[in-house]
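The values are calculated or read from the model by the stated rules, or taken from the named source; none is laboratory data. Not measured: the values here are computed from a predicted model. All Cβ positions, glycine included, derive from the backbone under ideal geometry; neighbour counts span all protein chains shown.
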Amino acid sequence: MSALRPDLAVIARHVEPGTRVLDVGCGEGELMAELQATKQVDARGMEIDPQAVAQCVARGLSAVQGDANRDLADYPDNAFDYAVLSQTLQTAERPDLMLEELLRIGRRAFVSFPNFAHWRMRAHLLLRGRMPVTRHLPVSWYETQNIHHVTVTDFRALLASRQVRIERCWFFSGDREIGPRGANWRAEYAVFLLRR
């Protein structure tokens, strides 16, 4: 397997071969390329950045330019076996509505996001009184695309309120996977596999 970001590597390992996958916020198509090469999936991508879409197309990947806040509504129900939203939920205008759309168009959904309750972020706010800049959130508050600061506990509460089932979840500190105990303060980011 290629050197994917850890959250993408978890997703790639758990997508079943020969399935249909929509990668929302696909970037330059790293996950799609991996899935096509190793799992023979029918992978499609949606990306807001036209240069990233051009990179996907240049690599022979199927990607369209679109804004997931609005354009997911164009897909029919259960069009994909998996809908993937990696490190994008916190940039959505309405993360709750985007989650609903993911679970409408995909039979299952992978969602990964940075955990804003990680202990380093808490300590930075407590000791310095400023929004932290970290390796997973590398820009200042005024430059960031992150408009909703979600925590593992917040996300679980949203899922419970929408009757969404968690099939599996993974938590990471740096590039190392950690157990679920204390994930709300120990994990820098999380990956969830969801279904209705």
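Quick grid of which residues meet (1) more than 22 Å from R168 (Cα to Cα); (2) of a type in the set (S, T, N, Q); (3) modelled with pLDDT under 95:
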position: R20; (1), (2), (3): no, no, no
position: A33; (1), (2), (3): yes, no, no
position: T38; (1), (2), (3): no, yes, no
position: V41; (1), (2), (3): no, no, no
position: R44; (1), (2), (3): yes, no, no
position: P50; (1), (2), (3): yes, no, no
position: V53; (1), (2), (3): yes, no, no
- line: Per the filter on segment 162-196, residues within 18 Å of Q90 (Cβ to Cβ) and either loosely packed, with under 14 Cβ neighbours inside 10 Å or charged (D, E, K, R) (or both) are R162, E188
query: Which ones in segment 9-36 are among the hydrophobic types (A, V, I, L, M, F, W, C) and under 20 Å from V64 (Cα atoms)?
result: V21, L22, V24, C26, L31, M32, A33, L35
field: Candidate set: segment 5-33, residues that are more than 16 Å from A52 (Cβ to Cβ) and part of a helix (DSSP H, G or I); chosen: the one nearest to the chain's Cα centre (by Cα)
entry: D7
task: May I ask you to verify whether L85 is touching a strand residue (DSSP E or B) at 6+ places or on another chain (Cβ under 8 Å), modelled with pLDDT of 95 or more, part of a helix (DSSP H, G or I) and surrounded by 21 or more Cβ atoms within 10 Å (Cβ to Cβ)?
output: no
From the options R59, R44, R94, residue that is surrounded by fewer than 19 Cβ atoms within 10 Å (Cβ to Cβ) and within 18 Å of the chain's Cα centre (by Cα): R94
